[in-house]
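Quick note: the coordinates plus some simple rules give every number you see, no bench work behind them. Quick caveat: nothing in here was measured; it's all calculated off a predicted structure.
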């Protein structure tokens, strides 16, 4: 679930600067024009304050520099090669996380086996095609039929290779879909562990409608919404949804530019009023909402910024602020954007590829998924304070 999380200043040479060439003839000075009456300077309009959409870096602890001991001798001269790093091994805190790694291992073994067969069959077909060209030249009785034999062998070889490639690709696609299905089944079982979550429905192939993504009012000029694994669930009787989503807009020369990648959550809200947008700042990999300038700046803090329409600050009750303050952006949760609208709320958690890209050739790292589970618990707390008076 990669945007993804990215300007050239042209400086002009001052016109009155001396030439770099010492032997260049300088122009004669022109007579001064009569001075016009000086106009009174107009009052400059105060510039709008600069808004930093990235979190300020925490000061790093200064550690003493210790000289590193280097092994004696040159490994290249001695003929010894540096040992390859051992594969990373992870500990899985739940059966569901362990099951993800097990399914990944099975699928990747099938994928490698499929590739071995593909390369072997391709090699055999190429050899047959080459023999179909060479043998008629070596066998006298076949020389008269060289062209028909060569063309026939070529056609059979290409056709056989095409059929095998098609069947092989379809088989691996089926296995991949099965792996994706089990991946999300185990992820949901691990993440949606709250007893108040019921009736989880959906599938890997389910998409997030573009109109639902755009309804949040977080991103402008979205031309394409890519998504997968759209699931609906009930939380304390509220109909909610979550999807892996990516939003794209048109970049330079018609290219597509990613403006969001992460987990997109929708839920009801009892709030009535103008749109309020809270953005939790992240690092340089973060992708801030592109529609913020369409709203008025309400608050600007070191790690959070608030935009909205007139009266939107009413959406930020103490309980809502406390719930939002629980989120912490880091190298996995790049940033978070929360849109609180009249009757609805949208929570866009921007994540790194370590969570959004499914593991294939490398072991499944459970840490990003554990981070997501922790973040999702905070999402549920936010949904509660947005909907139930006893939480206000």
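Values computed for the structure shown
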read-out: Radius, Kirkwood style, for region 95-191 when every pair of distinct Cα atoms is counted (Å); value: 16.3 Å
read-out: Relative contact order %, region 95-191, counting alpha carbon pairs below 8 Å whose residues are six or more apart; value: 48 percent
read-out: Three principal axis lengths of region 198-391 [C-alpha, angstrom, descending]; value: 49, 44, 31
read-out: Tail beyond 17 Å, pair distance distribution of region 155-289 (Cα, percent); value: 71 percent
read-out: Cα-only radius of gyration and Dmax that characterise region 239-316, units Å; value: 14.6, 43
read-out: Extended-chain gain in nm, criterion 0.36 nm per residue less alpha-carbon gap, residue 144 and residue 310; value: 50.8 nm
